[in-house]
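Right, one structure below, let's go through it.
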Amino acid sequence: MYTHKIKLRVRYAETDQMKYAYYGVYAQYFEVGRVELLRSLGFSYKKLEETGYSLPVVNYNIDYKKPAFYDDELTIETTIVQIPTLKIMFSYKTFNSYGDLLNTAETTLVFVDMKTGKPCHSPKVLTEKLQSIL
């Protein structure tokens, strides 16, 4: 497993009438988490797309435990669960500044060849990089 952490702050526009971070915004927070995790490995979504790969989300699950509020500083802990093959799985934990666990989540993304539109194997360079650190 490889884990990366990033901090972000709940913006006013991301809250609902109950003053909670709107439940749907976490998908965007988790995207930031996985983009920055890949960047920490020397990869970017942009570079993956330039080399012919897209990564659509095919599964997203979340378990809410406590709310986040406007201006809370959150830590998104993103983990690659296993060496990717056709799919890459990420798990997430969101913590507030007090260290309270707010939610846990998982996403599964599939590697797609942009020319054919069909699933394909993970780029060899990404697989090798993860094998060297896991």
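The values are calculated or read from the model by the stated rules, or taken from the named source; none is laboratory data. This is a predicted model, so every value here is computed, not measured. Positions of Cβ are generated from backbone atoms using ideal geometry, with glycine treated the same way; all protein chains shown enter the neighbour counts.
Can you say whether residue 33 is buried (at least 18 other Cβ atoms within 10 Å of the Cβ) and among the small types (Gly, Ala, Ser), as far as the supplied structure shows? Here the answer is yes, as residue 33 does meet what is asked.
Within region 92-118, the set of residues being more than 21 Å from residue 44 (Cβ to Cβ) and surrounded by 14 or more Cβ atoms within 10 Å (Cβ to Cβ) comprises 93, 94, 95, 96, 102, 103, 104, 105, 106. All told, residue 24 meets the bar of being in a helix (DSSP H, G or I) and either modelled with pLDDT of 95 or more or over 26 Å from residue 121 (Cα atoms) (or both). For region 37-68, a residue qualifies if it is surrounded by 13 or more Cβ atoms within 10 Å (Cβ to Cβ) and either of a type in the set (A, V, I, L, M) or part of a strand (DSSP E or B) (or both), and the qualifying residues are 37, 38, 41, 48, 53, 54, 55, 57, 60, 62, 64, 68. One residue stands out among those in region 71-91 that are out of contact with any Phe, Trp or Tyr (no Cβ under 9 Å at 6 or more places or on another chain) and either of a type in the set (Asp, Glu) or over 29 Å from residue 120 (Cα atoms) (or both): the one that is surrounded by the fewest Cβ atoms within 10 Å (Cβ to Cβ), which is 73.
Taking the criterion of being aliphatic (A, V, I, L, M), closer than 29 Å to residue 132 by Cα and outside any strand (DSSP E or B), would at least one residue in region 83-103 satisfy it? Checked against the condition, which is being aliphatic (A, V, I, L, M), closer than 29 Å to residue 132 by Cα and outside any strand (DSSP E or B), region 83-103 yields at least one hit. When 118, 65, 87, 47 are screened for being without any contact (Cβ under 8 Å) to a residue 40 or more places away in the chain and under 14 Å from the mean Cα position of the chain (by Cα), only 87 passes.
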